[in-house]
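Just below is one structure, and these are the notes that go with it.
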Amino acid sequence: MTGAALTTRPATIADAAAMAEIYNEGIADRVATFETQLRTPEDVMGWFDGEHPAVVVVDAEGQVVGYAVTFAYADRCCYAGVAEFSVYVRRSHRGQGVGVAAMKALIAAAEAAGLWKLLSRVFVENQASLALLRSVGFREVGVHEKHGKLDGVWRDVVAVERIIEANLD
């Protein structure tokens with residue numbers, strides 16, 4: 001997918017360093033994850049299991065400026081088509097359509113991989129991410145109160161999901 005000088009493609013191991021940089025910005029910002037320990041490229045390499053899609057968004061200069069990745073939801077075989085996802089955008093590129101591009105590419109990749117549902121949890125205060133997800137067809141299922149502590153403070157999260165209709169047969 002190309003548009004506004006952005007291109008999406010499947011993520012590769014070679015993207016791990018850029019993905020770690022972007023994720024670490026999210027960790028530092030304290031608005032998108034409960035994680036507090038910075039990630040290394042080697043940590044991100046562990047996300048590539050050959051089964052769960054991951055995509056990157058690249059700008060006109062060839063820099064990875066965002067990504068979206070899926071992870072196993074549960075071990076039970078009945079959930080094989082359900083995946084959790086995360087989407088992160090480099091600080092310098094937020095509000096420029098990178099997240100939408102990443103999510104559209106991830107949804108297409110998830111459909112091609114046979115997944116029938118994507119789900120995640122978003123801090124209730126993270127209105128930008130919630131608006132992004134609504135714009136690409138996610139629905140808000142409800143709020144998990146006091147889902148976890150971040151820096152000693154209980155945080156609530158909104159559960160979101162998107163059904164991939166093409167894979168429901």
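What are the residues in region 1-59 that are at positive phi and without any contact (Cβ under 8 Å) to a residue 60 or more places away in the chain, if any?
Once the filter is applied, which keeps residues that are at positive phi and without any contact (Cβ under 8 Å) to a residue 60 or more places away in the chain, region 1-59 yields Ala5, Gly50.
Considering region 57-71 alone, what residues qualify as being among the aliphatic types (A, V, I, L, M) and over 16 Å from Asn24 (Cα atoms)?
Within region 57-71, the first condition is being among the aliphatic types (A, V, I, L, M), and the residues that meet it are 57-58, 60, 64-65, 68-69.
Val57, Val58, Ala60 - these are the residues of region 57-71 that are among the aliphatic types (A, V, I, L, M) and over 16 Å from Asn24 (Cα atoms).
Going by the structure shown, is Val98 buried (at least 17 other Cβ atoms within 10 Å of the Cβ) and in contact (Cβ under 8 Å) with a residue 24 or more places away in the chain?
Values: buried (at least 17 other Cβ atoms within 10 Å of the Cβ): yes; in contact (Cβ under 8 Å) with a residue 24 or more places away in the chain: yes.
Against the criterion (buried (at least 17 other Cβ atoms within 10 Å of the Cβ) and in contact (Cβ under 8 Å) with a residue 24 or more places away in the chain), Val98 qualifies.
Let me confirm something: among Ala72, Ala110, which residue is under 17 Å from Val55 (Cα atoms) and surrounded by 16 or more Cβ atoms within 10 Å (Cβ to Cβ)? Please lay out each step first, then the result.
Numbers: Ala72 fails: surrounded by 16 or more Cβ atoms within 10 Å (Cβ to Cβ).
Going through Ala72, Ala110 in turn, just one is under 17 Å from Val55 (Cα atoms) and surrounded by 16 or more Cβ atoms within 10 Å (Cβ to Cβ): Ala110.
Give the residue that is nearest to Ala83 (Cα to Cα), with candidates limited to residues of region 13-28 that are loosely packed, with under 13 Cβ neighbours inside 10 Å and out of contact with any helix residue (DSSP H, G or I) (no Cβ under 6 Å at 6 or more places or on another chain). Show your work before the answer.
If we filter region 13-28 for residues that are loosely packed, with under 13 Cβ neighbours inside 10 Å, which is where we start, we get 13-14, 28.
Narrowing further to those that are out of contact with any helix residue (DSSP H, G or I) (no Cβ under 6 Å at 6 or more places or on another chain): 14, 28.
Working: Ala14: 23, Ala28: 25 Å.
My answer is Ala14.
With a cut-off of at least 1 residues that are of a type in the set (Phe, Trp, Tyr) and under 18 Å from Ala20 (Cβ atoms), name the strands (runs of 3 or more DSSP E) lying wholly within region 54-164. First the steps, then the outcome.
Values: elements: 54-58, 64-72, 82-89, 117-123, 139-150, 153-163.
Where strands (runs of 3 or more DSSP E) fall fully within region 54-164 and carry at least 1 residues being of a type in the set (Phe, Trp, Tyr) and under 18 Å from Ala20 (Cβ atoms), they are 64-72, 82-89.
Could you list all residues from region 141-169 that are surrounded by 14 or more Cβ atoms within 10 Å (Cβ to Cβ) and charged (D, E, K, R)?
Passing the criteria: Arg155, Asp156, Glu161, Arg162.
Matching residues to (1) among the small types (Gly, Ala, Ser); (2) within 25 Å of Gln37 (Cβ to Cβ):
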residue	(1), (2)
Val98	no, yes
Lys117	no, no
Ser129	yes, yes
Leu133	no, no
Lys149	no, yes
Trp154	no, yes
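Please indicate, with yes or no, whether at least one residue in region 34-43 is touching a strand residue (DSSP E or B) at 6+ places or on another chain (Cβ under 8 Å), crowded, with 16+ Cβ neighbours inside 10 Å and closer than 22 Å to Ile13 by Cα.
no
Every number in this text was worked out from the coordinates using simple rules, so none of it is lab data. In this text, all values refer to a predicted model and were calculated from it rather than measured experimentally. Every residue, glycine as well, gets a Cβ built from its backbone with ideal geometry; the counts of neighbours run over all protein chains shown.
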